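Note sheet for the following structure.
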Amino acid sequence: DITISLVNDTLWEPTAEQFSVALSNPTGGAEILTPSTQTVTINPSDPIEITISTPAPVTEGNSGDPDVEVDFVVDYTGGTLAAPLTISWLTVNGSATGGADFTAVNSTNINLPVNGNPVTLTVNVLGDDTPESDETFSVQLSESHDLVTLANGGTSVATIQDNDES
């Protein structure tokens, strides 16, 4: 029997790792039969969960006012990254409409850094002078990596509070 001890680390590894053990140079009249090499596979481990914050409601401005920023904070827990992890995000209309109530963002990549610092996504809310109900839109994260999950489906909803009198 050959015993090899594996080292448990906290690195997120999206794919299996492999190494081989090969027998050679027999002594004392022994023979090496085939196969003389065996590959060992270490399955991926140390899953990561990605979260996105729910921002506090923001009050829209009036037409001509500077845009109001809404910040969504993306963070992760679990394994340690050996390299930045790329995920995508976009805005999704709710009762608020991209282009009219907020600046729409089409699918855009961000990198979660290896140092564990969160990433802030900013969406601009556009002011208007129209009395209306409070409105909502969302930010949706997406990813396609093994052992990565998105908390709450990777969705966060922002509320735009109306500031116009009816």
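Laboratory data are not the source of any read-out in this text; all were calculated from the coordinates shown. Just so you know, these numbers come straight off a predicted model, no measurement behind them. Please note: Cβ atoms are built from the backbone with ideal geometry, for glycine as well, and neighbour counts cover all protein chains shown.
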Unit Cα scatterers, Debye sum, segment 1-87: log10 I(q)/I(0) for q = 0.13, 0.16, 0.20, 0.21 Å⁻¹: -0.71, -0.85, -1.02, -1.07
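How large is Rg over Rh for segment 62-139, taking Rg from the Cα atoms and Rh as the Kirkwood inverse mean of 1/r across Cα pairs? Please report the intermediate quantities before stating the final value.
On the way: Rg = 15.5 Å, Rh = 14.2 Å.
Using Cα coordinates only, the ratio equals 1.09.
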Mean separation of Cα contacts under 8 Å (6+ apart) over length of segment 59-156, as relative contact order %: 38 percent
Cα centroid of segment 87-101 to Cα centroid of segment 15-40, whole Å: 57 Å
For SER45, residues with placed amide H under 5 Å, excluding near neighbours: GLU13
Alpha-carbon gyration tensor eigenvalues x 5, square-rooted, for the chain, Å: 55, 12, 11
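In what sequence, highest mean first, do 117-124, 46-53 appear when ranked by Cβ atoms within 10 angstrom?
Values: 117-124: 15.2, 46-53: 17.4.
Packing proxy ranking, top to bottom: 46-53, 117-124.
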Positive-end extreme of charge dipole, segment 5-148 - chosen from ILE48, THR37, GLY94 (charges on Cβ): THR37
